[in-house]
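The values are calculated or read from the model by the stated rules, or taken from the named source; none is laboratory data. The shown structure was predicted, so the numbers you read here are calculated from the model rather than taken from an experiment. Every residue, glycine as well, gets a Cβ built from its backbone with ideal geometry; the counts of neighbours run over all protein chains shown.
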């Protein structure tokens with residue numbers, strides 16, 4: 001993993017200016033969908049070997065790519081979230097059989113949570129497939145996505161774990177620092193999006209290399 005390079009990436013050339021714009025965009029509800037599109041563009045560039053931060057021109061295109069990102073996330077995460085919610089609701093209700101319903105609700109919530117973890121693990125590579133091909137449908141081809149993940153499993157899992165830590169730190173700031181914490185957290189969150197976009201883009205690029213040189217190569 002090019003972790004050190006990923007952390008420096010947002011500050012290269014005109015990167016700082018684009019990073020600040022991204023932080024401002026991330027603060028604004030609805031408009032911040034474009035930030036998710038910027039994440040897609042970072043993946044796309046890294047996958048193509050272009051190590052320059054995307055500009056903020058073509059804002060509408062970024063917004064549409066952000067919507068694509070969200071659609072993929074909902075595709076994998078919506079049902080697990082419903083299961084978690086249903087289980088949680090059941091846990092707070094009592095039936096005529098005493099604790100039977102709450103216990104069942106807890107079991108359902110656990111299953112939903114495990115499915116949610118699986119979805120969280122799959123989503124970044126699904127978005128990377130979308131970013132690299134420009135085809136939203138590629139993000140829904142589960143077998144293809146899993147094939148890419150398996151090709152670089154160790155590297156990919158490492159990036160996923162790192163992303164948890166980075167997003168946790170970014171969100172922690174808003175709780176520690178009153179008022180300004182929310183704004184600082186938004187800028188940190190966008191920075192993390194760029195860094196993880198770089199790393200997931202690299203993982204996808206490496207997976208393509210592995211799969212194209214192995215038996216039964218895959219063409220984008």
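For the residues 177, 183, the requirement of being more than 18 Å from residue 129 (Cβ to Cβ) and either surrounded by 22 or more Cβ atoms within 10 Å (Cβ to Cβ) or free of Cβ contacts under 8 Å to residues at least 60 places away in the same chain (or both) singles out 177.
When 66, 90, 61 are checked against the criterion of being modelled with pLDDT of 95 or more and surrounded by 18 or more Cβ atoms within 10 Å (Cβ to Cβ), 66 stands alone in meeting it. Taken over segment 42-58, residues that are surrounded by fewer than 24 Cβ atoms within 10 Å (Cβ to Cβ), in contact (Cβ under 8 Å) with a residue 60 or more places away in the chain and closer than 17 Å to residue 192 by Cα amount to 2.
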